[in-house]
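Below: one structure, written as structure tokens.
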Amino acid sequence: MMLKNLMVFVALAFGAVGVQAEQAVTNKTEKSSSLIGKFDTAKDLFLAQFDSKTDVDDIHTIAAVATMLRHPAFAQVNYHAVAGAYGIQDGLYVPAPELFAAAFGDKWSNAHVAKDKALEEVVALVQQTLKKGGDIWIAEAGQSDFSAAMVSEIQQTLPKIDSKSRIHIVQHSEWNQDSATPADLAFVKQYTDYYKIPDGNATGNGTPGFRTEDATLWSRPLADKSVAQLWQVAKAIGEKYNGVEGRYDNKAVAVGGLDFSDTVEMCWIFGYNDIVDVSGFFDVFVHE
């Protein structure tokens, strides 16, 4: 009888271990299923911040970011965009409210027109996310001034939040860093999880290269009915403002090409860093 009881106990013990192991695998699968790259769709917030001053590359980037967000893989991504997130650079802003509306609906704030209101809107979204246990992922297609203002507000309103581990900033451009208010750049480097990744204007450096003078590639996004309008508007705005009234003269855009180099930051966050170039981007995200 004792031997029989011992055998039953051993069987039950191994059974319990098996159930626990199976549950662990299930939990891991459930957890990983909500991840896209580094981003947890179950709780995180993605902020796409654009300076649009004075280079029109941000205009193409807006279309590219929105194209990624419309892909089925991004259906559960919680996001918000910010226009006019610029620093101390000289030159004129490139207005594109119609493109922001087409790209992001009502999920964007206009810091160029009303910085305080935009900051208030973004801080509210960040607070909600952090309180629910989510992290903040910021693609800085511009300078760090707006990010610094937001993080400062979070430190004051949610002092128990460790911004160094919960707020992540990704920047690809040294020019953007040099055009930020120095104190603001130093602030975000100190108080956030800050990443400087290789520049997205060239291939072969560790990130995709999303700048090309090949005008024939425009046919690809313009052939995709789900995003064609975005790219048509972006193309028109880019051509209208490129190099005009002292704005930066983007050589790729000037010859009819594309430049959405800032999009490498989003690719890095969401695990698409293995894309090589503009054509490769369209291979993944455009359906002709």
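Quick check for me: using +1 on Lys/Arg Cβ and -1 on Asp/Glu Cβ, what's the dipole size of the range 204-251 about its Cα centre, in debye to the nearest 20? Could you put the intermediate results ahead of the total?
Numbers: 7 positive and 6 negative charges, 23 e Å.
Result for the range 204-251 is approximately 120 debye, rounded to the nearest 20.
Calculate how steeply helix 145-157 sits against the longest principal axis of the alpha-carbon atoms of the chain, using the helix alpha-carbon long axis, and give the answer as 0 to 90 degrees to the nearest 10.
Once rounded, one gets 40 degrees.
By how many degrees, 0 to 90 and rounded to 10, does the Cα axis of helix 2-33 deviate from the longest principal axis of the chain?
So the helix axis and the longest Cα principal axis differ by about 10 degrees.
Counting DSSP beta bridges in the chain, what percent are antiparallel, to the nearest 5? Mind showing how you got there, number by number?
Values: 5 of 28 bridges.
Bridges in the chain are about 20 percent antiparallel.
Report the semi-axes of the equivalent ellipsoid for the range 22-142 in whole Å, largest first, where each axis is √(5λ) for an eigenvalue λ of the Cα gyration tensor.
Values: eigenvalues 184, 49, 26 Å².
Values for the range 22-142, descending: 30, 16, 11 Å.
Bin width 10 Å, origin at 0, all Cα-Cα pairs of the chain: what percent of pairs per bin?
6, 28, 33, 17, 6, 4, 3, 2, 1, 0
Take every DSSP beta bridge with both residues inside the range 116-231 and express the antiparallel ones as a percent of the total, to the nearest 5.
Roughly 0 percent of the DSSP beta bridges within the range 116-231 come out antiparallel.
In debye, nearest 20: dipole of the chain around its Cα centre with unit charges on the Cβ of K, R (+) and D, E (-)?
Numbers: 24 positive and 37 negative charges, 254 e Å.
Here the size comes out at about 1220 debye.
For the range 187-288, what class follows from the C-alpha gyration tensor (a ≥ b ≥ c being the square roots of its eigenvalues): rounded when a/c is under 1.5, otherwise prolate if a/b is larger than b/c, else oblate? Write down the numbers at each step before the final one.
Values: a/c = 1.87, a/b = 1.28, b/c = 1.46.
Verdict is oblate for the range 187-288.
Which entries of LYS53/LYS251; LYS225/LYS251; LYS43/LYS132; LYS117/LYS196 show an alpha-carbon separation above 19 angstrom in the structure shown?
Details: LYS53/LYS251 16 Å; LYS225/LYS251 28 Å; LYS43/LYS132 7 Å; LYS117/LYS196 28 Å.
Checking Cα-Cα distances, LYS225/LYS251; LYS117/LYS196 exceed 19 Å.
In percent, what relative contact order does the chain have, based on Cα pairs under 8 Å that are 6 or more apart in sequence? All intermediate terms of the calculation are to be shown ahead of the outcome.
On the way: 509 pairs, mean separation 65.1, N = 288.
The value is 23 percent.
Give me the net charge of ALA83's neighbourhood, meaning all other residues with Cβ under 14 Å from the Cβ of ALA83; Lys, Arg count +1, Asp, Glu -1. Don't skip to the end; give the middle numbers.
Details: positive: LYS53, LYS107, LYS115, LYS117; negative: ASP51, ASP58, GLU98, ASP106, GLU121, GLU140, ASP145, ASP262.
Surrounding charge for ALA83 is -4.
Taken together, the values in this text are just the output of simple stated rules run on the coordinates, not laboratory data. In this text the structure is predicted, and so the values were computed from the model without any measurement. All Cβ positions, even for glycine, are placed from backbone atoms using ideal geometry, and neighbour counts span all protein chains on display.
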